[in-house]
């Protein structure tokens, strides 16, 4: 079953059993640090490849930016 | 004098006592050169949601590999927001060190002491190494030390103002009673300000705008590096006491025109 997730407030289609790592790759976030919260909980980087997204998941995807 | 004089934070040694921020540079290339010139080993970054419509360049490609990245919690106005930001950064692979900022005030960007203390206690409990940004408040300093903060980082003047050590008397008290490294953070505008903080006995300073917005940021980074080194060495050397009268540097007796 495919479905949709919400990434930073915007709907994204996801394929059946698609992993978080695959979604990040598809979104072009292959950088050193992609920081992810799934349904309000931070996701450990080591688990990106095993977390399978579910229809209706809400994600925050962040990264380091310039700051003091 | 022993030349081995590392800055030690949470058991980790650093040669450099100049921490730098990465904000406000015109380009990431300039930032990279300035960071190298500064000699900094601790470099701050912010954490923000990615705008997929305009992702821009990835800053991490321009950051040296051998520095400690220090994610801040800028943009957070409550303890809960700051804890959430720190957890997100750590889970995603950034270090478990955090520059804790809780700032509800947009005009002067002054930190909230109550929320900062609450967030600090929570983050220490979760095994973060916590470096809180605060107003110079010696009482708050003690409370932050008691909950286990790794440093206390009082501001010299409002962020980005470049006004120097406007709150020097309170910072002097904090220096006197510090049990963890005291880092003067924010408001330093010139290398002389940084040198003054170090001469007073601050353990380190954190500088961003004064370098990034200088006419030549790379040269200014070098100037701050030298000022921090000079100020530290002067503090360790022992600065002479001030006197109210003149005291001649040359011998009083035996002048050529004398008897």
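The values are calculated or read from the model by the stated rules, or taken from the named source; none is laboratory data. Owing to the predicted nature of the structure, the values given are computational and were not obtained by experimental measurement. Note: ideal-geometry Cβ built from the backbone for every residue, glycine included; neighbour counts use all protein chains shown.
Here is how the numbers come out for the structure above:
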| quantity | calculated |
| --- | --- |
| Of the criteria (1) in contact with a helix residue (DSSP H, G or I) (Cβ under 8 Å, 6 or more places away or on another chain); (2) within 14 Å of chain A (Cβ to nearest Cβ); (3) modelled with pLDDT under 95, which one residue B:161 fails | (1) |
| Residue selected from the stretch A:48-68 under the condition more than 7 Å from every other protein chain (Cβ to nearest Cβ) and assigned to a strand (DSSP E or B), by the criterion nearest to the chain's Cα centre (by Cα) | A:59 |
| Residues located in the stretch B:222-259, provided they are farther than 30 Å from residue B:31 by Cα and touching a residue at least 60 places away in the same chain (Cβ under 8 Å) | B:236, B:237 |
| Every residue from the stretch B:84-112 that is part of a loop (DSSP other than H, G, I, E, B), touching a helix residue (DSSP H, G or I) at 6+ places or on another chain (Cβ under 7 Å) and either more than 10 Å from chain A (Cβ to nearest Cβ) or surrounded by fewer than 23 Cβ atoms within 10 Å (Cβ to Cβ) (or both) | B:93, B:96, B:102 |
| Filtered residues of the stretch B:68-83 (kept if touching a helix residue (DSSP H, G or I) at 6+ places or on another chain (Cβ under 7 Å) and under 17 Å from residue A:67 (Cβ atoms)) | B:71, B:73, B:76, B:82 |
| Identity of the residue in the stretch A:25-47, facing another protein chain (nearest Cβ under 10 Å) and more than 19 Å from residue B:85 (Cβ to Cβ), that ends up surrounded by the most Cβ atoms within 10 Å (Cβ to Cβ) | A:27 |
| Among the residues listed as B:115, B:77, B:81, the single one being more than 12 Å from chain A (Cβ to nearest Cβ), assigned to a helix (DSSP H, G or I) and closer than 24 Å to residue A:6 by Cβ | B:81 |
| Of all residues making up the stretch B:1-37, the number that are over 20 Å from residue B:128 (Cβ atoms) and touching a strand residue (DSSP E or B) at 6+ places or on another chain (Cβ under 9 Å) | 14 |
| Strands (runs of 3 or more DSSP E) contained entirely in the stretch B:1-71, each with at least 2 residues that are within 16 Å of the chain's Cα centre (by Cα) and at the interface with chain A (Cβ under 10 Å from one of its Cβ atoms) | B:18-21, B:42-49, B:68-71 |
| Residues located in the stretch B:121-135, provided they are surrounded by fewer than 24 Cβ atoms within 10 Å (Cβ to Cβ) and touching a helix residue (DSSP H, G or I) at 6+ places or on another chain (Cβ under 6 Å) | B:121, B:122, B:124 |
| Members of the stretch A:6-41 found to be under 15 Å from residue B:48 (Cα atoms), assigned to a strand (DSSP E or B) and touching a helix residue (DSSP H, G or I) at 6+ places or on another chain (Cβ under 7 Å), listed by number | A:35, A:36, A:37 |
| Hey, residue B:49 without any contact (Cβ under 8 Å) to a residue 40 or more places away in the chain and in contact with a strand residue (DSSP E or B) (Cβ under 8 Å, 6 or more places away or on another chain) or not | yes |
| Set B:178, B:156, B:197: member being within 14 Å of another protein chain (Cβ to nearest Cβ), over 30 Å from residue A:45 (Cα atoms) and either buried (at least 24 other Cβ atoms within 10 Å of the Cβ) or touching a helix residue (DSSP H, G or I) at 6+ places or on another chain (Cβ under 9 Å) (or both) | B:156 |
| Members of the stretch B:137-151 found to be over 21 Å from residue B:77 (Cβ atoms), touching a helix residue (DSSP H, G or I) at 6+ places or on another chain (Cβ under 6 Å) and crowded, with 23+ Cβ neighbours inside 10 Å, listed by number | B:141 |
